[in-house]
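Shown next, in structure tokens, is the structure this report addresses.
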């Protein structure tokens, strides 16, 4: 089974960056234009793109929406966006402007009933629940706060509400090139039966193979790749080939 590959573009201060373990004080800048980076990924064969508004995640409002919408409208990519999405209006704004899926993280913890209603209103294919975990507990607000809810408990709640897609990020591995937490992703897949997109720590083609192998026995279905592409550990073309 082929898994979906999502090259990542994290936006901070108008630039493409990667953070180390979600720490805003530990950023590396990889490009001046999110659009040009997305165009490069599209030319390399990407069908999906994973965009994160880091300023938005921290500030609680949309900051990089113009960049996101330009990519959605001008490039042949399915765009999923997270960061700074705190209201139903934010979700509607992106979905009305060509974005394929909106990732909801902090709001899912703070107002689960509202997000459950959004899944009904906008459809399960358009809403992705972002579960970012520290030691199994969900973190919110740009990972600056940790909740008292486990990723699996939150996952089960939203599956009952109709959710079909989750992104699971192990914050301890994000931006570290230390390898993904396959066990935690498989556990979430087994507990929910939803499509799980693996995020955090991808460092090698072997990591992509491990995700693909997890997809043969569970509902793990995709992987987000960030720093490994920017650090030239492998090319996007190689990743797409390995995903098959």
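A short reminder: the numbers here are calculations on the coordinates, not readings from a lab. Keep in mind the model is a prediction, meaning the values are calculated, not measured. Backbone-built Cβ (ideal geometry, glycine too); neighbour counts: all protein chains shown.
Would you list 166, 122 from fewest to most Cβ contacts within 10 Å? Could the numbers behind the result be given before it?
Numbers: 166 27, 122 16.
Ordered by Cβ neighbours within 10 Å, fewest first: 122, 166.
Between residue 1 and residue 20, 0.36 nm times their residue separation minus their Cα-Cα distance comes to what?
3.7 nm
For the chain, what is the mean residue ellipticity at 222 nm derived from helices alone (per DSSP H run of n ≥ 4: -39500 (n - 2.57); sum divided by total residues; nearest 500 deg cm²/dmol)?
Details: 11 runs with 96 residues, N = 244.
Dividing the helical sum by the residues of the chain leaves -11000 deg cm²/dmol.
Looking at the square roots a ≥ b ≥ c of the eigenvalues of the Cα gyration tensor of the stretch 136-203, which shape do they give, rounded for a/c under 1.5, prolate if a/b is larger than b/c, or oblate?
Numbers: a/c = 2.16, a/b = 1.31, b/c = 1.65.
Cα axes put the stretch 136-203 in the oblate bin.
For residue 117 and residue 40, what does the FRET efficiency come to when R0 = 30 Å and r is the distance between their Cβ atoms, rounded to the nearest 0.05? If you can, show how the numbers build up before the last one.
Values: r = 38 Å, r/R0 = 1.26.
Rounded to the nearest 0.05, the efficiency is 0.20.
Per 0.36 nm of contour for each residue apart, how much would the distance between residue 191 and residue 176 grow if the chain were fully extended, relative to their Cα-Cα spacing?
On the way: separation 15, 0.36 × 15 = 5.40 nm, distance 2.68 nm.
Going from the current span to full extension adds 2.7 nm.
Starting from the Cα-Cα distance between residue 238 and residue 204, subtract it from 0.36 nm times their residue separation and give me the gain in nm to one decimal.
Values: separation 34, 0.36 × 34 = 12.24 nm, distance 1.02 nm.
Length gained, residue 238 through residue 204: 11.2 nm.
For a test of the definition: using alpha carbon positions, the gyration tensor, and the 1.5 limit on a/c, classify the chain as rounded, prolate or oblate.
Values: a/c = 1.31, a/b = 1.07, b/c = 1.22.
Rounded shape, in that the Cα axes give a/c under 1.5.
I want to check the label-to-label distance for residue 146 and residue 29. Put each point 7 Å from Cα in the C-beta direction and report it in nm to one decimal.
Result: 3.2 nm between the two label points.
Which of the three applies to the stretch 1-75, rounded, prolate or oblate, going by the alpha-carbon gyration tensor with a ≥ b ≥ c and a/c under 1.5 meaning rounded?
Numbers: a/c = 1.76, a/b = 1.41, b/c = 1.25.
Taking the square roots of the gyration eigenvalues as a ≥ b ≥ c, the stretch 1-75 is prolate.
Can you tell me what the convex hull of the Cα atoms of the stretch 42-159 projects to on average, as an area in nm²?
Working: hull surface 29.4 nm².
Answer in nm², one decimal: 7.3.
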